[in-house]
Every structure is written in structure tokens, then in C-alpha cells.
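Notes follow once the structure below has been shown.
The values are calculated or read from the model by the stated rules, or taken from the named source; none is laboratory data. These figures come from a predicted structure and were not determined experimentally. Glycine also receives a Cβ, built like all others from the backbone with ideal geometry; neighbour counts cover every protein chain displayed.
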Amino acid sequence: MNSEDILHEGARIGNYVLDRRIGEGPFSQVWKAKHHERPEHVVAVKLGSDPTFRRQLAREAGLPDIRHPNIVPILDSDTRFADSPYIVMPYLPGGSLADLIVRHPQGLPEERIDRLLGDILAGLAEAHRRGIVHRDLKPSNVFVTSYGVKLLDFGLARQVADDLAATAPDLTVAGQLVGTPAYMAPEQLDGSVVDVRADLFAAGVLLFEMVAGRSLFAAASPIATMHAVLYERPPALTGSAGVEALDRVVRRALEKKPADRYQSATEMAAAARVADGAHDTVQMARAVAVTRLVVLPFRVVPPDPDTDFLAIGLADALTASLSGLDSMVVRSPLAAARFAGPAPDLEAIATTLDVDAVLTATLMRAGDQLRVSAQLLEAPTGTVTWSHRSQTGIGDLFALQDELTRQIVDSLSVPLSRSDEQALKRDVPASARAYEFYLRATQYGQTNETSELARDLYLQCLEEDPGYAPAWARLGRVYRRIGNWGDRARSREYFEKAESAFRRALELNPDLSLAHHLYAYLELDLGRAQEAMIRLLERATRHRADPELLAGLVHALRYCGLLDASVAAFEKAQRLDPNVVTSVCHTFWMLGDTRRAVETERPEDQLMGMLAAVRDDQTAPVIAELKRLEAQARGT
């Protein structure tokens, strides 16, 4: 007789009479029950006959008895019961954290998160103090009652005093992974030594899901989920100051290396209490898990001199359009250009650029028509989430960009704020000819050497359409670049032209992020650091997921002498985009942190390393390097 034959209402299991089933897992069931001699004594009985369950039950029953407000105690057990071994726990009214998250798809209320996380960490702290690692912390094992959280199911727990090197064989039973991959720390998946910090990783996953209202690592298959846990970084959470403070707790808890995480539940709880103090509103603003995208340069097939400019220009314009959305971070065209080609390496892109999705597109000219084939791919799996094929006139390029933008937003289910909706409707060029000049100019506006050609094309665009704000903003950048790198005698003239262009862009569209970012650098050149800082800080309160804006703040805050704030802006920018280019190396140098100054400098610059060498009286290598660079510049 198997357990299915005896598990029914009214059945007696040991000293308990089953009432109704209240839960079920892959190897076990949980029933509400009553003691047969004391029917007023209501309990929960967990039982099953599967060999895997028997092993887990024996382990759970053999753990030290823990009496703590946030841990469900074991009241009774019989691991040798012939038909179905069982353990008995108090019956608790309430539901699981998994159910609670499902009911709050936009994230739990602020005060609820604080209380739940505090209880979870308090329970873990006590288990860890008693030498026990849970190893299977997940939303369904966190029971939420009206008077607090109770941690359940220690069936996979181990005592720290165990031979932890033997953890690896314990991971699989009959070829199956024991545990839930989406909540397992990397060291659990790769068979390394596991300690209390694995539970803190799982607590970080729970915190993300409570704030964002959605799963973090769960993917289409167990293999994809395990890859995400092992290699992918969590998307940044933006919203209020409180959300971003919790985001910092999440990211520390989810570090891939245990040594980089919180080292105890008590330490993590202290950090969470600090985050709790950062809430800047009575009701926490809705949290948004930022979607991370890269638009690769479009492929023009076959190469065509008349349309080649679209490879960079259209991809850049699409990037700029999507970058204006609060809930999306789009990697820069410069970063994307490294991965251009017919067969992009999605795993390398996902790892290097830290993105969730990749847009690829192919353009083919047929007379005056342009055939477009675009795909949005999950990174790193390559799963196609959306594909687009269309044919449009070469004179209707903006309509193509607008169509691609909206379909990408729809396919990624990106939540749009009111300002996002307005941004998508703004800055429409007045003519196809104006937009073509704009795209051609963008192709040449990437380098100092072609700045003057870009300037002329932007001016032609603005002759056609004087009201196109993005062209004014990019013209301002080109004028600033020529002022810095061109004829030094005319620098002031070009800076004045740049300022005029930026102001015109912001008159036309006061919310144009591109103009605000680029104008800030000009203001710093002109010695107006405080003005730039105040304007960027005001923007940052409304647009919290903009790494380029934060990169400008790194610069402005340092110019104003606010070095610690400059570092904080850098760290936030890096959470959004690990590859964002900033000048923080100079901030670290001014703080006397030579190591981080050298680490954060772009490899091609080498200035910090040279300064450090000069400071340490190692001048010979510096002189040799300067001579090499001079010879390289002369082409000798």
C-alpha cells in the first residue's frame, strides 16, 4: 500500500487525524490535522513516501530544536512510519510569501517589505547561530501570518559543522537537482563549499522579488536559470530613494563570490535598516526593474554607399529614443559597435555589456524601397522574443524608427510613465530630407576627425527643419568638440555657438535628456560647475535610471569639491551600466585612492598610472611611454 491509499480526509497518521490538504510539493503533502485524543489541538502534518522526501525528512527531524518567533518548530515526527513518514508543525493561518508577491505585481508596500525582510533575516540569524544553513530559502518556504514571518522546510538544511566539502554529491538525486535553482547561490550550483552566505544570496533574491513584484532569475529552462544565477547581474531597481537604497542591499547580497556578500544575516539586516531610513515619501514610489538593451549597428546587405550611413545612424537614433524612457537603459553605440557583425556572440554581449536583450537588424535596398528585418533576442540564450519584417520608402526613415521603437517597448512589456509617453511623441522631424541629413551627420559625429563634416550635415538638417531639437543638441556637441580639439584660437567662438545650440534644443524640448547631458560638459568647460550640478541633480530626481546623466554628475560634483558625492554618483551609474564612461578616476586621485584611480581609468588613457609612477619616482617608464605616444601621433 502506498501513501496515496492512506492520505485522505479522516485518515489517521500516527496520533493525528487528517482534516484537509493545505499544501503540496514534488515529494510531499501538507495536511491540516487534529490530535486524535485532543481534537482542539490543530496541527499541520507534512508527509510523503518518496525516497527523496524520506532523506529530507530525516535530516529535518534530526536538526537541533530551534525555538524562535520566525522559525516554525517541529512538534513531533516519525521518520520510520511504515506507510508515510511525517513531521508535525503548528497549524498557522496565513499564506506563503509566493502568494503575497503574486498579489502585488507592482511590488509590495514599503512598510511590508521592511517588516518581512527583518523577520526573514532574524530567523536566518538564529538558525545560523545554531550552526544551520537552510539551503532552500524561497518564497514558498516563507510563511506570512498576521503576526510575522515563519521560515519553513529545513529539509535541505545542513549543519555548518558537517563536512561541507560533501555538499556536491548531495545536490543531485537520480539525476535531479535538489533545491530550486532560481534561489540557489552560485556555490550551490557549482558544487563549491556552502555556508551561511548562500542563505543571504537567497534572501537577496527574495528582497528583489518583494520590491519588483516579479521573479529575478527564473527562465524558460532550468539550464537557463542556472546560467542566470552563475553569470548574470540583476537589473537595477529604480523608483524612490528608498527603492534605490534597497537596490544597494540586493546587489550586495547577490554578489557571485561569497566573500563579496554580507557576511552574516545580522550585517544584512543592519544595511536594510539603513535603507529603510532612506524612504523619502510616505508611500514608496513604484519600483521598476530596469530593462537593459543594446542596439547593434544595423547591417546593410549588400554594402551600399547610398544607405551605409543607416548602419550607425539609425541604430544611434533608435538608442537615443529608447534611452529617454525611465524604465530602460540602452547601452551606448560605442559599446555596441564592438559587437557588430553577421553573427553576434550573444553570450559575450550579455557578459560584457550586462544586458537582457539585443536588437539586431538587416537593411536591404530595392530601388527606392528599404527592406528591414529586425529581431529582438534574449541574452544570452538567443531566444527570439520579437521579429519584424517590413518595407518602407527610403524617404520615410523616421516612421521606421518610430515603428521599431514602439514595437520594442511593447515586446519587452516596458512600463511607460506619462513622461515616457510624451517623450515618444516628441521630436518628430518635419521632413524626410531633414532626418536623412540628421542620420548622415550622426555617422560622422562619432570622432574628432570628422566633426566638421558632421557639423555641416547638422546645419543642413536644421535648414530643412529649424525645430528639430535633437539636431540642435548634437550640433552643440560638435561645436564643443571642435572648440576643444580644433583651432584653439577660435575656441571661445565655438563654445558660444555650442551654448547657443544647446539652449535652442532645450527651448524646443525642455526635457531632452541628450541636450541636458551634453550641455553640462560645456558648462564645466566654461567654469559653471555649480549651475551644471544643480540642473543635473534636479534631472536625477525625475529620471533615476539614466547612467549618462549620472556620469555628468560625477564630473560636476567633483568640480564643486563634493568628492564623496561624485563617487556615489559613479557607483549608481555603474549599477545601471557597468561600462559607462565617467571621469571618476580623477575623483579617486583627489581622494588619495591611487589604486581605484588606476582601476577606473580607461585603458587607453593611462594618465593615472603615469601620475602614480611619477609620484613614486619611477619617471623613466613614463618618459618612454610619452615618447612612444608622441611617435605614434606622428605616425613614425
(request) Could you please find all residues in the stretch 197-217 being without any contact (Cβ under 8 Å) to a residue 40 or more places away in the chain and either surrounded by fewer than 18 Cβ atoms within 10 Å (Cβ to Cβ) or more than 17 Å from the chain's Cα centre (by Cα) (or both)? (result) SER215
(message) Consider the stretch 76-115. How many of its residues are under 39 Å from the mean Cα position of the chain (by Cα), surrounded by fewer than 17 Cβ atoms within 10 Å (Cβ to Cβ), among the acidic types (Asp, Glu) and at pLDDT below 85?
(response) 1
(message) Checking the structure you have, find out if any residue of the stretch 332-343 is under 23 Å from ASP577 (Cβ atoms), of a type in the set (Lys, Arg) and at pLDDT below 85.
(response) yes
(request) Report whether or not ALA337 is within 25 Å of THR447 (Cβ to Cβ) and in contact (Cβ under 8 Å) with a residue 24 or more places away in the chain. (result) yes
(message) Step by step: first the residues of the stretch 371-423, then only those that are assigned to a loop (DSSP other than H, G, I, E, B) and of a type in the set (A, V, I, L, M), then the one that is surrounded by the most Cβ atoms within 10 Å (Cβ to Cβ). Which residue is that?
(response) ALA379
(message) Could you tell me how many of the residues in the stretch 517-529 are over 21 Å from SER332 (Cβ atoms), part of a helix (DSSP H, G or I) and either of a type in the set (A, V, I, L, M) or in contact with a Cys (Cβ under 6 Å, 6 or more places away or on another chain) (or both)?
(response) 1
(request) Could you please find all residues in the stretch 408-438 being charged (D, E, K, R) and under 26 Å from VAL358 (Cβ atoms)? (result) ASP410, ASP420, GLU421, ASP427
(request) Enumerate the pairs (first residue in the stretch 226-241 and of a type in the set (Phe, Trp, Tyr); second residue anywhere and buried (at least 19 other Cβ atoms within 10 Å of the Cβ)) with beta-carbon separation below 9 Å, excluding pairs fewer than 6 apart on the same chain, so at least 6 apart or on different chains. (result) TYR231/ALA350; TYR231/PRO380
(message) For the condition of a type in the set (Lys, Arg) and over 25 Å from ALA320 (Cβ atoms), what is the one hit in ARG542, ARG558?
(response) ARG558
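One line per residue, one yes/no per condition, for (1) among the small types (Gly, Ala, Ser); (2) under 22 Å from SER221 (Cα atoms); (3) at pLDDT 85 or above:
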{"residue": "LEU363", "(1), (2), (3)": "no, no, yes"}
{"residue": "ARG371", "(1), (2), (3)": "no, no, yes"}
{"residue": "GLN375", "(1), (2), (3)": "no, yes, yes"}
{"residue": "GLN391", "(1), (2), (3)": "no, no, yes"}
{"residue": "LEU397", "(1), (2), (3)": "no, no, no"}
{"residue": "PRO415", "(1), (2), (3)": "no, no, no"}
{"residue": "ARG426", "(1), (2), (3)": "no, no, no"}
{"residue": "ALA430", "(1), (2), (3)": "yes, no, yes"}
{"residue": "ALA434", "(1), (2), (3)": "yes, no, yes"}
(message) Of the residues ARG214, ARG248, ARG233, only one is basic (Lys, Arg) and either in a helix (DSSP H, G or I) or modelled with pLDDT of 90 or more (or both); which?
(response) ARG248
(message) Given the criteria more than 28 Å from ALA289 (Cβ to Cβ) and not in a loop (DSSP other than H, G, I, E, B), does ARG558 qualify?
(response) yes
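Output the residues belonging to the stretch 142-158 that are surrounded by 15 or more Cβ atoms within 10 Å (Cβ to Cβ) and either aromatic (Phe, Trp, Tyr) or modelled with pLDDT under 90 (or both).
Step one: of the stretch 142-158, the residues surrounded by 15 or more Cβ atoms within 10 Å (Cβ to Cβ) are 142-144, 148-158.
Residues satisfying the conditions are PHE143, GLY148, LEU152, ASP153, PHE154, GLY155, LEU156, ALA157, ARG158.
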(message) Restricting to the stretch 571-601, give me the number of residues that are farther than 21 Å from SER240 by Cβ, in a helix (DSSP H, G or I) and out of contact with any Lys or Arg (no Cβ under 6 Å at 6 or more places or on another chain).
(response) 11
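Here is a yes/no grid of residues against (1) crowded, with 22+ Cβ neighbours inside 10 Å; (2) of a type in the set (Val, Ile, Thr); (3) touching a Lys or Arg at 6+ places or on another chain (Cβ under 6 Å):
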{"position": "GLN443", "(1), (2), (3)": "no, no, no"}
{"position": "CYS461", "(1), (2), (3)": "yes, no, no"}
{"position": "GLU464", "(1), (2), (3)": "no, no, yes"}
{"position": "TYR468", "(1), (2), (3)": "yes, no, no"}
{"position": "ALA473", "(1), (2), (3)": "yes, no, no"}
{"position": "SER491", "(1), (2), (3)": "no, no, no"}
(request) Quick one: which residue in LEU322, LEU353, LEU296 is crowded, with 21+ Cβ neighbours inside 10 Å, within 18 Å of PHE398 (Cβ to Cβ) and in contact (Cβ under 8 Å) with a residue 24 or more places away in the chain? (result) LEU322
